[in-house]
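The structure is given below, and queries will be raised subsequently.
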Amino acid sequence: MFNQIFEELHTSIISHGGLKVDIESRFQECFSRKKDTVIRSFLWDVPGFRRWRVTRMDAGEKLQVLNSVAYPNYSNDQPILGIDLLWFGKKEKLVAVLDFQPLIQNDHYLKRYFEGLKELKKNYPDFYSNKEMNLYDSKKYFSPWVLFYIGDGSNLKYSLVEVFLDFLDKYWLLGTISTENYKKLSPIEVNKLQLSYDRYNAKIDPAHGLFKSYFGKQWADDFVQNFLFPNCLIGD
């Protein structure tokens, strides 16, 4: 379901100077106990970012997942990139969450970084779901303009690939915004806020339960704590 988006994402990362980073074999690829599901992950070294990860899970018609999170360098206070796509083939149900995830929620910060996402929100009204994102506090690490869709994927008025590419282009543009009349968060503040992001998500991310059901508790705990959100175990 997400093959083209997966390829477009990696092509875009490479075109911006990204280089693939070697990761532990247990995270590179893992098969479920029944061998009918596989999860593969990738880590990228991208200029301007301290960490960019991508995960692709393939459970056939039961479930397809594509997830990616990009953390800017601590010297850069722009939002974290968040991508979550899930496709339940038998039900033909799509869940899509695309967001610039803000480090802080104040007008000064939002005005600087979210004009592009606001524009996308207007262009793609299908991504105005009125359903709540269960478990998450939508006012904590989601922007007011998160692109959120849940429903029959065949009812989308636009190609999901088109929406994704527009979204990704807007995110890359954040690195070109002028710093005039803007006081950035300090590297110490960005470090602290990204650490808080990892701790929050490691604790509440519903993907942990999904991974546990397919790959077992031990691997799921290890994957969440040491690959998805490695900062969650760092002490204060």
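The values are calculated or read from the model by the stated rules, or taken from the named source; none is laboratory data. Only a predicted model underlies this, so the values are computations on that prediction, with no experimental measurement involved. So basically every Cβ, Gly included, is an ideal-geometry build from the backbone, and we count neighbours across all protein chains shown.
Looking at the range 34-49, is at least one residue of a type in the set (A, V, I, L, M) and under 27 Å from residue 116 (Cα atoms)?
Yes, the range 34-49 has at least one match.
Considering (1) of a type in the set (D, E, K, R); (2) assigned to a loop (DSSP other than H, G, I, E, B); (3) without any contact (Cβ under 8 Å) to a residue 40 or more places away in the chain, say which one residue 50 fails and leave the rest.
(2)
Kindly indicate the residue of the range 1-38 that is over 30 Å from residue 91 (Cβ atoms), among the small types (Gly, Ala, Ser) and over 18 Å from the mean Cα position of the chain (by Cα) and also modelled with the lowest pLDDT among those meeting that condition.
Taking the candidates together, the pick is 25.
Also, I was wondering about something else. Here are some conditions: (1) surrounded by fewer than 18 Cβ atoms within 10 Å (Cβ to Cβ); (2) more than 29 Å from residue 28 (Cβ to Cβ); (3) out of contact with any Pro (no Cβ under 8 Å at 6 or more places or on another chain). Residue 145 meets all but one. Which one does it not meet?
Answer for residue 145: the failing condition is (1).
Pairs please, first residue from the range 89-101 and in contact (Cβ under 8 Å) with a residue 24 or more places away in the chain, second anywhere and among the charged types (D, E, K, R), Cβ atoms under 6 Å, 6+ apart in sequence or on different chains.
Qualifying pairs under 6 Å: 89/61; 90/61; 92/152; 97/84.
Starting from the range 219-230, take each residue that is modelled with pLDDT under 95 and list its partners that are β-branched (Val, Ile, Thr), counting only C-beta distances under 6 angstrom and pairs at least six apart or across chains.
As it stands, the answer is none, since no pair meets every condition given.
Further question: Can you tell me which of 13, 5, 23, 39 is part of a strand (DSSP E or B) and not acidic (Asp, Glu)?
Checking each option against the conditions leaves just 39.
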